[in-house]
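Here the structure comes first, spelled out in structure tokens, and everything after it is commentary.
The values are calculated or read from the model by the stated rules, or taken from the named source; none is laboratory data. These numbers come from a predicted model, not from an experiment. Don't worry about glycine lacking a Cβ; one is built from the backbone with ideal geometry, like all the others, and counts go over all protein chains shown.
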Amino acid sequence: MSKLTVLDVFCGAGGFSEGFRQQGFEILQGVDRWQPAIDTFNHNFGLECKVRDVLEFLESVDAIEALPETGIILGSPPCVSFSSSNISGKADKSSGIALTRAFLRIVAVKKWKKASSLQAWFMENVPRSIGHLAKDYTFSDLGLGVWATANGIDPGLSAVRLEGNRFVLNSAHYGCAQTRRRVITGEILARQAMIIPETTHSEALESGKLPCKTLGSLRLNLPAPTTTDQIRSIEDPNYPEIRIRPELLTDHFYDTGLYRCEWELSKYLKTNHPYMGKMSFPEDEDRPSRTITATKIGSSRESIVYRSELIRVGDGEFRTATVREAACVMGFPITYQFKGGEGTKWRLVGNAVCPGVSRALARQVRFELGFEPTRQLVLEKEVNLDGVINLNRKSRKVFNNPPQRKTNSRFRRHPFKDGNMTVTLSNYDIETNVIHTDKWMTSVQYGTGTGFPSHAFPDWEHRKIEPIIRKQKNGAQFVEVINNGFSQKVSTAIELQQAYELRITSGHYLEPTELIEEVARLINGLEIEGAIFSQEDNVVFMGKKNVPLKQLYALYAINRITSIANKNTHGQEPKN
């Protein structure tokens, strides 16, 4: 075979194919059921593929037979149901299994048919998929028993073997400025095995390998989205061979500023999550980027957040990455175009396979099949803007319509994690998960992971611990501040819920997230970091001999919030 050809199933934006094209492979066809994906794939590879649901290959062998005969089959079944970020990894896996099975049927038929052209196949998915897929699939397992018999093959034989042919690869080790771990399953038929490409980059100093690209180095080689400087040309941060005029750099020169309520939530989830580890806020640019996800949102733990180049405080102080920045982090050339609006483009980018990883696989295939190595990458150096919606715009974002939460949204916040425990303000019972939108609760979680015991404290419990606090370092000062100034910023329970949902502060009353932030500021200003409250004489916390003193103060302040808010709503207060 003089030229190796590629069929890309679940092709998406075409990242898997792009890496193979860069190594001189010819892309013949992409299969996807999402119109923007097919439009993007066709645009960048000059094809005329049609929208098609891969599930039809579960039912029809004839449909598989009709697919083009290629040397390579690529597939990236949607990973949503397997992902750990989808309902905390508890989503129904059946859809992911069915889509994977459809792809493996294609591989099996094309691999075992007479006079097969197949030389290699590769499948990409999230690492969690390993635990939900079989180690080996027979023809019968794939519903190909009749086909196998008709072709003189025992239906009980292994059609596609996954065990031993799947490995987790990190895109940062193949030249991408992103730590993205994905399981690659496949086989080079001549070797009857998956051959792992040698890594080219390393986090540590390693002989013969380049240091991993950092997020900062990549961003440094792109103009800021807010730039007004005259630039003659822009060099691709990943492919120096590509230089384009600034006006041809799409999806980059626009304002991605976040409302304060958005970036503050992201900051909280990254740096003070109830039971997950601490992350950088904003991004640590001295390392490869975290994984680009498919959802364009600025208020989540997974959000990619930078400090804005514009001098703004509060609204717009931080921003998300532009689509072009995200595409460069993934490893796409700056000439690569994406079809659709901003949310659609972000999904196309975030769902893609990193071209750097697929390029390494393609290079390995060339070597194993005896092809000469490519002397230079095959790159599209011209920009085709036909039918492309360019997100670039000169206007600055106006922050006059902050996003609102849904009615009866849940609230849970703590000032800090310390001593492997948290003191929490919530509008629902954390143990039973029952929400009370007209009542707020004080509770302590003994442990910072899921499944640890939680203890709810009744309102006015702060009165019992006030004498204890007054005896501690700066305790009397803290009590006075809470009772004279801070408490007056607490509204009714119902108003707290409304303020939380609308993300607004009304008059001198604070929204609940602001109350918790102020509690943290007040306590952190007391110079009691590292101080311990011994419970030998006065037991406040369950099963603890010693607790951080700041947690005792947090319990006092948060219980004061719930007592006032619930009293103002329900009029209940003990007489003593």
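Results, tabulated for the structure shown:
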item	result
Answer from Ile72, Ile97 - the residue that is surrounded by fewer than 18 Cβ atoms within 10 Å (Cβ to Cβ) and either at pLDDT 80 or above or not assigned by TED's automatic domain parsing to the domain that holds Cys49 (or both)	Ile97
Which listed residue, of Thr344, Thr335, Thr293, is under 15 Å from the mean Cα position of the chain (by Cα) and among the β-branched types (Val, Ile, Thr)	Thr293
Selection within region 257-276 - under 17 Å from the mean Cα position of the chain (by Cα) and part of a loop (DSSP other than H, G, I, E, B)	His273, Met276
Given (1) touching a helix residue (DSSP H, G or I) at 6+ places or on another chain (Cβ under 7 Å); (2) without any contact (Cβ under 8 Å) to a residue 60 or more places away in the chain; (3) within 20 Å of Leu265 (Cβ to Cβ), number of the condition Leu522 does not satisfy	(3)
Residues (in contact with a Leu (Cβ under 6 Å, 6 or more places away or on another chain) and over 13 Å from Asn125 (Cα atoms)) located in region 170-184	Ala177
Long-range neighbours under 7 Å by Cβ, at least six apart or interchain, first residue under 22 Å from Arg347 (Cβ atoms) within region 21-37, second small (Gly, Ala, Ser)	Ile27/Ser17; Gly30/Gly14; Gly30/Ser17; Asp32/Gly12; Pro36/Gly340; Ala37/Gly12; Ala37/Ala13
Selection within region 109-134 - closer than 19 Å to Leu189 by Cβ and in a loop (DSSP other than H, G, I, E, B)	Lys113, Lys114, Ala115, Ser116, Ser117, Leu118, Gln119
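Residue-wise test of (1) in contact with a Cys (Cβ under 9 Å, 6 or more places away or on another chain); (2) over 27 Å from Arg366 (Cα atoms); (3) not in a loop (DSSP other than H, G, I, E, B).
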residue	(1), (2), (3)
Thr185	no, no, yes
Ile195	no, no, no
Ser207	no, no, no
Asp229	no, yes, no
Glu247	no, yes, yes
Asp251	no, yes, no
Asp255	no, yes, no
